[in-house]
Amino acid sequence: MTLEAAAPAQETAPVATSPLVRSPRAVWTERIVGLVALVGTVATVILGLWVTPPDQVQGDLVRLVYIHPGVAWVALYVAFALAAISSALYLWPRTRARFWDRLAAASVEVGVIFNICTLISGSIWGKPTWGVWWAWDARLTATAALLVMFLGYLALRRVPSDPEVRAKRSAFVCLFAVLDVPVVHFSVLWWKTLHQGATVLNANLSPQIHGSMAWTLLLGFLSLTLVFVWMLLIRYRIGALEDWMGGGELEDALAARQAEGVRS
Amino acid sequence: MRYVYAGYGATLGILGLYGASLVWRLRKTTHAARRVATSRGETTP
């Protein structure tokens, strides 16, 4: 084959499966989500720090409530829940696809960051309120255990292995780790804990917060959820590109090895 | 208020740093993927 004949074939090489190719809608969705998340977070900070009134009991410390439950909500009920659903869908033979494995991995990584934020912001609230940075309280301990288990999940994903084997065992670990989420949620009911009970998602589903404080709390929840969505979109793309390059390199290596076999 | 500022600073600082690291990782991975695509003879956007 001449070079002239090979050139058009290269130009029309299939690129539809490449994650480098993105629709304009996907690009704009990512940008808009990021922008709205940023604006919402800035508004939450302004309202939380300078607009809302101090609490009668907690004073100014109540201002930490506008972000601490928000990051906890994202970590436990959004990120780890999404990772568990994705893992289950990967393990279910009818829905098995690499998409679910990548989504679970991305969701856990971002969720771990939010889990760390939960523990740190809670600890900073705990020092002036309880007098200690940390207590082996049921909710705190269960949340720390959750972090350790999902760090283990991320470590397991870094162990070199066949992608399918890695995806399966990661999915099992995720489904095991997520069992701790209801323990964290109900720990304030099951045991006598230092940690206060649920303010919004309580047993009666009657929020114990009102007015501008409630709206700021809600805005914090929404903004931090959008921050998570934006981070998830970016993290998923990184995983998709890495998988695409890894798979391609393996195919190239196999093709080169086969070519060597033909020559010899 | 210093605990409040510390809480906001730590939380938003961690999220900001992680967000920035994601953008940096995405740029790095995209450049690497473009090189791989070029080596495979594929057109890249």
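The values are calculated or read from the model by the stated rules, or taken from the named source; none is laboratory data. None of the values given here were measured: they were computed from a predicted structure. Here the Cβ positions follow ideal geometry from the backbone for every residue, glycine too, while neighbour counts run over all protein chains shown. Note: areas computed on protein heavy atoms with side chains; ligands, DNA, RNA excluded. Shrake-Rupley method; radii C 1.70, N 1.55, O 1.52, S 1.80 Å.
Would the range A:80-93 turn up any residue that is within 18 Å of A:M231 (Cβ to Cβ), within 14 Å of chain B (Cβ to nearest Cβ) and in contact (Cβ under 8 Å) with a residue 60 or more places away in the chain? Taking every residue of the range A:80-93 in turn, none turns out to be within 18 Å of A:M231 (Cβ to Cβ), within 14 Å of chain B (Cβ to nearest Cβ) and in contact (Cβ under 8 Å) with a residue 60 or more places away in the chain.
Note on chain B: residues that are under 27 Å from A:W244 (Cα atoms), of a type in the set (S, T, N, Q) and assigned to a helix (DSSP H, G or I) amount to 5. Taken over the range A:91-139, the criterion of being assigned to a helix (DSSP H, G or I) and of a type in the set (V, I, T) is satisfied by A:T95, A:V108, A:V110, A:V112, A:I113, A:I116, A:T118, A:I120, A:I124, A:T129. Within the range A:68-99, the set of residues being open to solvent by less than 20 Å² (accessible area, probe 1.4 Å) and of a type in the set (F, W, Y) comprises A:F80, A:Y90.
Just checking, does the range A:25-40 include any residue being of a type in the set (V, I, T), open to solvent by less than 60 Å² (accessible area, probe 1.4 Å), more than 30 Å from A:I209 (Cα to Cα) and out of contact with any helix residue (DSSP H, G or I) (no Cβ under 8 Å at 6 or more places or on another chain)? Within the range A:25-40 (the criterion being of a type in the set (V, I, T), open to solvent by less than 60 Å² (accessible area, probe 1.4 Å), more than 30 Å from A:I209 (Cα to Cα) and out of contact with any helix residue (DSSP H, G or I) (no Cβ under 8 Å at 6 or more places or on another chain)), the answer is yes, since at least one residue qualifies. Inspect all residues belonging to the range A:51-67 and state whether any of them is surrounded by fewer than 18 Cβ atoms within 10 Å (Cβ to Cβ), within 22 Å of A:Y236 (Cα to Cα) and touching a residue at least 40 places away in the same chain (Cβ under 8 Å). Looking through the range A:51-67, none of the residues is surrounded by fewer than 18 Cβ atoms within 10 Å (Cβ to Cβ), within 22 Å of A:Y236 (Cα to Cα) and touching a residue at least 40 places away in the same chain (Cβ under 8 Å). In the range B:12-24 there is at least one residue that is farther than 30 Å from A:W50 by Cα, at pLDDT 95 or above and open to solvent by 40 Å² or more (accessible area, probe 1.4 Å). Residue-level check: of (1) farther than 29 Å from B:G9 by Cα; (2) within 14 Å of chain B (Cβ to nearest Cβ), A:L156 misses just (2).
Looking only at residues of the range A:100-139 that are under 30 Å from A:F172 (Cβ atoms) and of a type in the set (K, R), we find that the one that is surrounded by the fewest Cβ atoms within 10 Å (Cβ to Cβ) is A:R102.
Looking across the range A:40-73, the residues that are within 20 Å of the chain's Cα centre (by Cα) and more than 10 Å from chain B (Cβ to nearest Cβ) come down to A:G40, A:P69, A:A72, A:W73. Based on what the data block shows, is B:V4 over 15 Å from the mean Cα position of the chain (by Cα) and either closer than 21 Å to A:E30 by Cβ or within 7 Å of chain A (Cβ to nearest Cβ) (or both)? Against the criterion (over 15 Å from the mean Cα position of the chain (by Cα) and either closer than 21 Å to A:E30 by Cβ or within 7 Å of chain A (Cβ to nearest Cβ) (or both)), B:V4 qualifies. Taking the numbered list (1) outside any helix (DSSP H, G or I); (2) at pLDDT 90 or above; (3) small (G, A, S) in turn, A:A171 passes all entries but (1).
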